[in-house]
Amino acid sequence: MYTVSPNVWALKDKKKILIIGPAFPLRGGLATYDERLCREFISLGHTCEILSFSLQYPSLLFPGKTQFSSDPIPTDIVIHSEINSINPFNWILTGKKFGKQKYDLVIIRYWMSFMAPAFGTIARELKKSGARIISITDNIVPHEKRFFDSAFTNYFLSACDGFLSMSKEVQQQAQALQPNKTVAYVPHPMYDMFGPAIDKVDAISKLGLDPQYHYLLFFGFIRKYKGLNLLLESFAKLKHKELKVKLIVAGEFYEDAAPYLAQINELGIEEELIMKTDFIPNGEVALYFSAADMVVQTYLSATQSGVTQIAYYYNKPMLVTNVGGLAELVPNQKVGYVCPLDANAIAASLTEFYTQEKESTFAAGVADEKQKFTWSYLVDSLFSV
């Protein structure tokens, strides 16, 4: 006999749900995630909308070229762009306005302490209407620390009824700060919204790359904690000319590019790099992942990564460093490599990947492992919290 837990049965009841976090016209992985989660709730028969920002970051604090997406406007979900991250009066008024809608469940994406005052104030107003407040906590202890982190974070966390974390490290941090509240761990679901995979030869051609070479991929915003400097050092140790391997760096610099460019020049690897350092729009993501043999994430610190979950969707082997929650998602020698923060070890793994022709073996492991990372499981877990 098939049995269903009470929490799963709760899904049969139609819920009115609000997701608070970035969404179109804002760009980036957070917005992509929030929109995909909203669609999953709707597909299950619930009512779901997104409350996003009219002002997310003041221009002086935003490290990239633009905060806004060039993708088409979503027509299948409702997005309210009303939160001003630096205006306390806006937080109160927005909380009161949306509190009148009587949501059953409010899900708040929390990724940095700068947003904590706004989110904490809005959450307190929404709770007055009877809504249950659950936070999906991408980070609790930030990668780049600021003096106000602790006070701001505690203000936000205390307004929530429960938490869902996508790495065990963040789960432990939330439990330490809020020991009397439920903190569930659910791995980051696959990013399955960038279109189907493309034949590798076709993808290489469409990107204007040389088909005689193999390609490694570093993907996403470039910030210090993502360890591009370590990857460049490692790649320089690889016999890339002998192996006919090039490295694609696809993502916008979110800090000064000069040190990286100087390092590339010093290492003498300019000809072996493909530098695509503009923001990669959603419509081009499939091309880069389809062209690559392996996705490389030499992070210096991490909790979880959406890049890993794009790689899973496109059946791509991965190399990650043994930091934060990355190793939880990438079983060593099944879907790729988990390496220490050591350029020689990383170079040795990359060499083995090509000389022992591991791509097909790891891709089969990826296809098996990715069955764990579904959006329906995430939704079920949110209801259980």
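Where a number appears in this text, it was derived from the coordinates with a stated rule and is not lab data. This structure is a prediction, so every number in the text was calculated from the model and none was measured. Neighbour counts are summed over all protein chains in view; Cβ atoms, including those assigned to glycine, are modelled from backbone coordinates with ideal geometry.
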Spelling it out for H80: with amide H atoms placed in the peptide plane at 1.01 Å from N, the residues 5 or more places away or on another chain with amide H under 5 Å from its amide H are I50, L51, S52
Fewest-first ordering of T75, T137 by Cβ atoms within 10 Å yields T75, T137
Sorted on mean Cβ neighbours within 10 Å (highest first), peptides 322-331, 339-348, 363-372 come out as 322-331, 339-348, 363-372
One finds the C-alpha centres of the range 107-158 and the range 258-308 to be spaced, in Å, by 31
For C339, other-chain or 5+-apart residues with amide H closer than 5 Å (H placed, Pro excluded) are V320, T321, N322
Helix 375-384: inclination vs the chain longest Cα principal axis, degrees, rounded to 10, gives 40
Between the alpha carbon centres of the range 187-243 and the range 310-332 the gap in Å comes to 14
Between D76 and A151, the two model label points (7 Å from Cα along the beta-carbon direction) sit apart by a distance in nm of 4.5
Under the helix-only model (-39500 (n - 2.57) for each DSSP H run of 4 or more, divided by the residues of the chain), the mean residue ellipticity at 222 nm, to 500 deg cm²/dmol, is -11000 deg cm²/dmol
With the charge dipole of the chain built from beta-carbon charges (+1 for Lys and Arg, -1 for Asp and Glu) about the Cα centre, the Cα from S81, L238, A363 projecting farthest to the positive end belongs to S81
Tilt, helix 29-43 to longest principal axis of the chain (alpha-carbon atoms), in degrees rounded to tens, equals 60
Protection proxy (average C-beta count within 10 Å per residue), highest first, orders 40-50, 287-297 as 287-297, 40-50
On the formula 1/(1 + (r/R0)^6), with r taken between the Cβ atoms of K100 and A197 and R0 of 56 Å, the FRET efficiency rounded to 0.05 is 0.80
Among K237/K276; K102/K226; K16/K372, the pairs whose Cα-Cα distance exceeds 29 Å are K102/K226
Listed residues R36, R146, R109; largest mean-square fluctuation, Gaussian network over the chain with Cα springs below 10 Å, found at R146
With +1 at each Lys and Arg Cβ and -1 at each Asp and Glu Cβ, the charge dipole magnitude of the range 6-185 around its Cα centre, to the nearest 20 debye, comes out at 460
Under the 7 Å Cα-to-Cβ spin-label approximation, A364 and D13 lie apart by a distance in nanometres of 4.7
For K241 and A348, extending 7 Å from Cα along the Cα-Cβ vector and measuring point to point gives, in nm, a value of 2.5
Residue span K168 to N332: 0.36 nm per residue of separation minus Cα-Cα distance leaves a gain in nm of 57.3 nm
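Using the Cα centre as the reference, give the magnitude of the dipole from point charges on the C-beta atoms of the chain (Lys, Arg: +1; Asp, Glu: -1; all else neutral), rounded to the nearest 20 debye.
1440
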Once phi for every residue in the range 128-137 is put through the Karplus expression 6.51 cos²θ - 1.76 cosθ + 1.60 (θ = phi - 60°), the whole-Hz ³J(HN,Hα) values, with Gly and Pro written as x, are 4, 8, x, 5, 8, 9, 10, 10, 8, 9
